[in-house]
1. What's the total number of residues in segment 5-16 that are farther than 21 Å from E133 by Cβ and surrounded by fewer than 23 Cβ atoms within 10 Å (Cβ to Cβ)?
2. Can you name the residue in segment 17-49 that is surrounded by 23 or more Cβ atoms within 10 Å (Cβ to Cβ) and not aliphatic (A, V, I, L, M) and is also farthest from L89 (Cα to Cα) among such residues?
3. Go through segment 105-136 and count every residue that is surrounded by 14 or more Cβ atoms within 10 Å (Cβ to Cβ), polar (S, T, N, Q) and outside any loop (DSSP other than H, G, I, E, B).
4. So N159 fits all but one of (1) surrounded by 14 or more Cβ atoms within 10 Å (Cβ to Cβ); (2) in a helix (DSSP H, G or I); what number is the exception?
5. Considering D94, D29, which residue is under 17 Å from R2 (Cα atoms) and of a type in the set (D, E, K, R)?
6. Which of the residues that make up segment 96-143 are modelled with pLDDT of 90 or more, of a type in the set (S, T, Y) and under 17 Å from the mean Cα position of the chain (by Cα)?
7. Within segment 87-110, identify whether any single residue is within 28 Å of P147 (Cβ to Cβ) and free of Cβ contacts under 8 Å to residues at least 24 places away in the same chain, and answer yes or no.
8. Between A59, A4, A25, A39, which is modelled with pLDDT under 95 and on the phi < 0 side of the Ramachandran plot?
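The values are calculated or read from the model by the stated rules, or taken from the named source; none is laboratory data. Not measured: the values here are computed from a predicted model. As a convention, Cβ positions derive from the backbone with ideal geometry for all residues, glycine included, and neighbour counts pool all protein chains shown.
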Amino acid sequence: MRIAVYPGSFDPVTNGHLNVIERAARLFDRVIVCVMVNAEKKPLFSLEEREGFLRLVCAHLPNVEIDSYGGLLAEYAKAHHCCTIIKGLRAGSDFEKEFQMAMINRRLNPDLESLFLTAEHQYMYLSSSAVKELGFYGADVSGLLPPQIVEQFKQRIRNISDDKENEK
């Protein structure tokens, strides 16, 4: 059985992420979408919320499962019998960092391959950070996020904006 892991912070999951997940699900017997814990980032959504969003938007993909992990990806992949790490690439600037990480993961787990899937043209510019910034400025994020999570995203942005307003 060919098992791949698609790691990320998914804060929030975007249509670009979902596109990569759907494409990976066609290539592998099983895909584990793993919400990675990054101590350097302050996420908009909790780990549990991000996992829940992913379960919701991936419900139509029977060979996709959702998990989370706070350690080294190469160790996670080995423990879960993954042969491949899936990474989505948006632009050339993504490649250098992702290539470096692929070499580190390969050194830690020599049996592990990295597969880079380029984003489809309509998602080349899309990142969770960009969506969050657009949301804070009140821009329409429909079409950037899966429709199942748009309202929760807007509500979180409103709550944070209200909290900041109340602090003044």
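1. 1
2. So the residue we want is C34.
3. 4
4. The single condition N159 does not satisfy is (1).
5. D29
6. Passing the criteria: S114, S127, S128, S129.
7. The answer is yes; a qualifying residue exists.
8. From the options A59, A4, A25, A39, the qualifying one is A39.
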